[in-house]
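A short write-up of the structure that comes next.
The values are calculated or read from the model by the stated rules, or taken from the named source; none is laboratory data. All values reported here derive from a predicted model rather than from experimental measurement. Cβ atoms come from the backbone with ideal geometry, glycine included; neighbour counts cover every protein chain shown. Surface accessibility is based on the protein's heavy atoms, side chains included, excluding ligands, DNA and RNA. Shrake-Rupley method; radii C 1.70, N 1.55, O 1.52, S 1.80 Å.
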Amino acid sequence: MGEVSGFIFNHKKESIYLAGDTIWCEDVEKVLSEFKPAITILNAGGAKFLTGNPITMTPKDILKVQNKLPQTKIIAVHMDTVNHCFIKRTDLVKVLTEDQLESQILIPDDGETIYG
């Protein structure tokens, strides 16, 4: 579809990776390998247009991020409120529970604040 953007926020020896609207790809893999972020925030709604493949992470993509960098704390956002996101929080929880990863990946509710 075209280029997307993501951002690395560095503070002392830790970093946060805020991925833009992207799926698992070589560029995401490079960022994880190079920066080894403590926290990775992923748009996880599996958004797509009327035709074509998803333009944001699906549960399968999220599992690839987790497998690539198991020490990063993943925060999955961008679900349930955008009409072109087909992955709901309950869908992601089901996949994570099946893979026994529900405690490793945070899925905040709308308006929820996450600390440390």
task: For the range 4-14, name all the residues that are touching a helix residue (DSSP H, G or I) at 6+ places or on another chain (Cβ under 9 Å) and modelled with pLDDT under 95.
output: VAL4, GLY6, ASN10
- request: Evaluate the following for LEU69: is it within 18 Å of VAL4 (Cα to Cα), of a type in the set (A, V, I, L, M) and under 15 Å from the mean Cα position of the chain (by Cα)?
  value: no
- prompt: In the range 48-89, how many residues are open to solvent by 50 Å² or more (accessible area, probe 1.4 Å), modelled with pLDDT of 90 or more and either closer than 21 Å to ILE114 by Cα or in contact with a strand residue (DSSP E or B) (Cβ under 6 Å, 6 or more places away or on another chain) (or both)?
  reply: 3
query: Within the range 21-36, can you find the residues that are surrounded by 14 or more Cβ atoms within 10 Å (Cβ to Cβ) and either at pLDDT below 95 or among the hydrophobic types (A, V, I, L, M, F, W, C) (or both)?
result: ASP21, THR22, ILE23, TRP24, VAL28, VAL31, LEU32, PHE35
